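Structure first, then comments.
The values are calculated or read from the model by the stated rules, or taken from the named source; none is laboratory data. Fair warning: this is a prediction, and the values are worked out from it, not measured in the lab. We place every Cβ from the backbone using ideal geometry, glycine too, and count neighbours over all the protein chains shown. In case anyone asks, the SASA skips ligands and DNA or RNA and just uses the protein heavy atoms, side chains included. Shrake-Rupley method; radii C 1.70, N 1.55, O 1.52, S 1.80 Å.
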Amino acid sequence: MKLGIVVWTEGVTVKFRIAQEAVVERGMLVKVEDKGRTYILKVVDFKPESLLTPAEIAIISSKADKGEAVQLRERDLRLYDTAISTIVAQIDMDGEVHGPSSVPSLFAVVEELEEEDLKALRLHTGDIPIGKIRFGHNVIDVDVTLDGSKTIPHHVLVVGGTGAGKSNFGRVLAGSILHTAGKYSLVIFDCESEYLLGSKPGEMGLAHLPFSEEYLFLVSDRVQRPGRIRIELPELGEERSIPAYPLKMDITRLRPSDFTLTGEFSGPQEELLWMAYKQFGEEWVHYLLSGEGRALYSRLGRMSGVNTINVAKRKVKYLTGEGDIFCRDCGYDLAGTVLSMIAKGRVVLIETPFATEGEEKLLATVVAERIFRAYEKMRKELPDKWSQLPPVLIMVEEAHRYLGSHVLGGKGEIRENIFSIIAKRGRKYKVGGLYITQMPSELMETVVRQSLTKIILSLPTRPDYSTIINHSPYLDDAEAEIKTLDRGEAVVISQPSGFRLAVSTRIYQFEEYAQRLIREEKLALQQRTAEVSNV
Ligand SMILES: Nc1ncnc2c1ncn2[C@@H]1O[C@H](COP(=O)(O)OP(=O)(O)OP(=O)(O)O)[C@@H](O)[C@H]1O
């Protein structure tokens, strides 16, 4: 269908007159076929063109205001709507898609994109589906997918204001990774307990997905010892048996680096932790927590000040809490177990609804540190084995708490934590961060820049969307669209997935997506059964 006529081009911007009766929406992809090439354009804004004089405008608007009929001579020659669009790709005669190297001619016809044209953009060929293409608020039946092997190591940043759909996206992504059946791993820290079953009755969670019995691994207070937990799913009239591990880690398994990589400790305090470890061995955390400052001062050979000891004690106490998670003599090795599951391509869901802020921080640090170090060591020492490890994504909710410029030392000395290290160096080892935040303007600039895949949900505040726009390709003209996103709508950029444009996307609603995955798996099962009986 014809949508308009090109009336101006400049750089990669194309202005076209909107045809009568045509409906053009912001974010819409359209095409121009000209001189054997197909140009794909994305509509970014609108502008009425008027050759009316100020006096005519005054008269006509006054009449319209009074409800009188407005007669305008040669109206379509003197007043019309135009759409401003950006050329996002050029498809040459041989079908090769690349960035624009020319512009369509003036007065060329602008047309609706057909499914074939959309497919040429290869937005649907990745292995991690997240939603559907959207033109304005209208959903098009073509999937938007990420390419996991390239996307994961280059980090994923998810930004959106309150209620924009961040946790819905998190569940969708986790569901898609689960359904790669071991190709990739994911670690989720779930402080609201909303991933396993949804956040309220009637919602669904990862437990509902058919692959959860095999590829989900739950770490939770719901179990007291390692084993399988049976979960009833009234929404499906089924139950599942999911492998689980208690939310417990013996303090003898903690090392000073687990604490220092939280970024909470100063240089002298770090030294003290290592001294205590040397002196007391595996029991060092226990001695530090229970010993009195002055007594520790003498036992550590007066090598550290009493003040430093007391401050470090307080911080260790803050991070280990009351012993509910970091326990004594319980024997559990949560971090080691999680690492072994990650190496097998599992989605590991760690539920921490009752953890304190300190416990959450230490837990996230220990788990992330073990994974990063193991992948790093494997790559350096056993590269063949490393190449078989699944790329792993580690979710960091409220990412500004770990990767905020103020947290990392502002303009002064940078105090690294495990997540800032992963943000910088994880790529080399197939360890990526899934950073979720409402406040991207507070993140370190390098984190925003180095996250090559961005899921931008509705983001109302200027400093936040400006930060994203300023540090990402393809977003120069996206401000108007980002400002008008509804719940669940997103602008997605992902160079690692081969996207050459900011893709207007409708993220799947998780429950609908879960039902689709369940249907697909049932169908696949029927086909497998039919094949076996035919043999
Ligand atoms: N893609 C979507 N399609 C349809 N509904 C959605 C979508 N994403 C989110 N919603 C709905 O919007 C509401 C808020 O979503 P969600 O909890 O994911 O937002 P959030 O950004 O995590 O919120 P908060 O900042 O409060 O944690 C939920 O009721 C959810 O069902």
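A single entry from 352, 262, 337 fulfils the requirement of being modelled with pLDDT of 90 or more, hydroxyl-bearing (Ser, Thr, Tyr) and in contact with an Asp or Glu (Cβ under 6 Å, 6 or more places away or on another chain): 352.
So that you can scan it fast, the table gives a plain yes or no per residue for (1) open to solvent by 20 Å² or more (accessible area, probe 1.4 Å); (2) modelled with pLDDT of 95 or more; (3) assigned by TED's automatic domain parsing to the domain that holds residue 453:
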site: 158; (1), (2), (3): no, yes, yes
site: 162; (1), (2), (3): yes, no, yes
site: 170; (1), (2), (3): no, yes, yes
site: 173; (1), (2), (3): no, yes, yes
site: 183; (1), (2), (3): yes, yes, yes
site: 193; (1), (2), (3): yes, no, yes
site: 200; (1), (2), (3): yes, no, yes
site: 206; (1), (2), (3): no, yes, yes
site: 213; (1), (2), (3): yes, yes, yes
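Residue 253: farther than 30 Å from residue 207 by Cβ and open to solvent by 50 Å² or more (accessible area, probe 1.4 Å), yes or no? No. I'm trying to understand the selection: among the residues of region 52-95, which are open to solvent by 80 Å² or more (accessible area, probe 1.4 Å) and in a strand (DSSP E or B)? The answer is 81, and nothing else. Of everything listed in (1) in contact with a Phe, Trp or Tyr (Cβ under 9 Å, 6 or more places away or on another chain); (2) closer than 21 Å to residue 420 by Cα; (3) surrounded by 17 or more Cβ atoms within 10 Å (Cβ to Cβ); (4) not assigned by TED's automatic domain parsing to the domain that holds residue 275, the single unmet condition for residue 371 is (1). Scan region 276-287 and give yes if some residue there is closer than 30 Å to residue 222 by Cα, of a type outside the set (A, V, I, L, M) and surrounded by 20 or more Cβ atoms within 10 Å (Cβ to Cβ), otherwise no. Checked region 276-287: at least one residue is closer than 30 Å to residue 222 by Cα, of a type outside the set (A, V, I, L, M) and surrounded by 20 or more Cβ atoms within 10 Å (Cβ to Cβ). Considering region 135-197, the qualifying strands (runs of 3 or more DSSP E), each wholly inside and each with 2 or more residues that are within 16 Å of the ligand (Cβ to nearest atom), under 22 Å from residue 493 (Cβ atoms) and touching a strand residue (DSSP E or B) at 6+ places or on another chain (Cβ under 8 Å), run over 138-146, 156-159. In the condition set (1) in contact with a strand residue (DSSP E or B) (Cβ under 8 Å, 6 or more places away or on another chain); (2) more than 16 Å from the ligand (Cβ to nearest atom), residue 506 is compliant with all but (2).
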